[in-house]
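First the structure, in the form of structure tokens, and then the observations on it.
Values quoted throughout were computed directly from the atomic coordinates according to the rules given, and no laboratory measurement underlies them. Computed from a predicted model, the values in this text were never measured in an experiment. A quick note on method: Cβ atoms are made from the backbone with ideal geometry, for glycine too, and the neighbour counts reach across all protein chains shown.
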Amino acid sequence: MRFATILAAAGLALAQSPEYHGVATAKQIMAGIQKPAMDSLAAMNKAGGPKDEKEWALAEQQAAVLAETAQLLLMGSRPKDQDVWIKSSQKLNATAGDSVKAAQAKDLTAWQASLNGMGGACRSCHNVHRKKKDGTQ
Ligand code: HEC
């Protein structure tokens, strides 16, 4: 009986994910990942949308990276509140997920809508948490 309990406990420990150790600050995630990915998507959008297989694949990849890193914004000590920060990150995760699907389907209308949604998620967090250069919010 005791042996079974030990085995069960060991199984539980093995099933757990490795412990998360945050390294990058939110600012580094913004500058290193969010900005280049969004800039690349915005450039394709400005040109009328992804134009060939290669660009659709790039659009899918950039959106996937944004969806992934939106989750990093929710981890460790990064959240600056339990409201706007969480909702904006979740919205970015969801809209970037929509963008991945739209790129896979090469659905230009859905892809453009997803970009608007992603931009809205960036702005909703920045409106509250990103200080303007002159020191105001
Ligand atoms: C959950 C909140 C949140 C979301 C979502 C978010 N940001 Fe940010 N962003 C911040 C904060 C906070 C800062 C200010 C960081 C600092 O100066 O310490 C920032 C700063 C930035 C900066 C300036 C980085 C620098 O080097 O000073 C860029 C560029 C940026 N964000 C781009 C984006 C883009 C693009 C998106 C959407 C794809 C996005 N952010 C989504 C919170 C967010």
Worksheet item: GNM, the chain, Cα, under 10 Å: largest mean-square fluctuation among Val23, Val65, Val100?
Response: Val23
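Please identify every one of the trypsin sites (Lys or Arg not before Pro) in region 79-131 that sits in a loop by DSSP and has no more than 11 other beta carbons within 10 Å of its own beta carbon. Before the final figure, lay out each step's value.
On the way: sites: Lys80, Lys87, Lys91, Lys101, Lys106, Arg123, Arg130, Lys131; in loops: Lys80, Lys106, Arg130, Lys131.
Here the sparse-neighbourhood loop sites are Lys131.
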Discussion item. Ignoring everything except DSSP H segments at least 4 long, calculate the 222 nm mean residue ellipticity for the chain; use -39,500 (n - 2.57) per segment, divide by total residues, nearest 500.
Written reply: -22500 deg cm²/dmol
Worksheet item: Against the longest alpha carbon principal axis of the chain, how many degrees, from 0 to 90 and to the nearest 10, is the axis of helix 53-72 turned?
Response: 50 degrees
Worksheet item: What angle do you read, to the nearest 10 degrees and between 0 and 90, between the alpha-carbon axis of helix 2-15 and the longest principal axis of the chain?
Response: 10 degrees
Item to complete: Measure nothing fancy, just the Cα-based angle from helix 108-129's long axis to the longest principal axis of the chain, in degrees from 0 to 90, nearest 10.
Response: 70 degrees
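Which entries of Lys54/Lys131; Lys46/Lys91; Lys80/Lys106; Lys51/Lys132; Lys54/Lys132; Lys35/Lys106 have Cα-Cα distances beyond 32 Å here?
Numbers: Lys54/Lys131 37 Å; Lys46/Lys91 23 Å; Lys80/Lys106 36 Å; Lys51/Lys132 35 Å; Lys54/Lys132 36 Å; Lys35/Lys106 23 Å.
Checking Cα-Cα distances, Lys54/Lys131; Lys80/Lys106; Lys51/Lys132; Lys54/Lys132 exceed 32 Å.
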Worksheet entry | Residue of Glu19, Glu68, Glu53 that the Gaussian network model of the chain assigns the largest fluctuation, springs spanning Cα pairs under 10 Å | Glu19
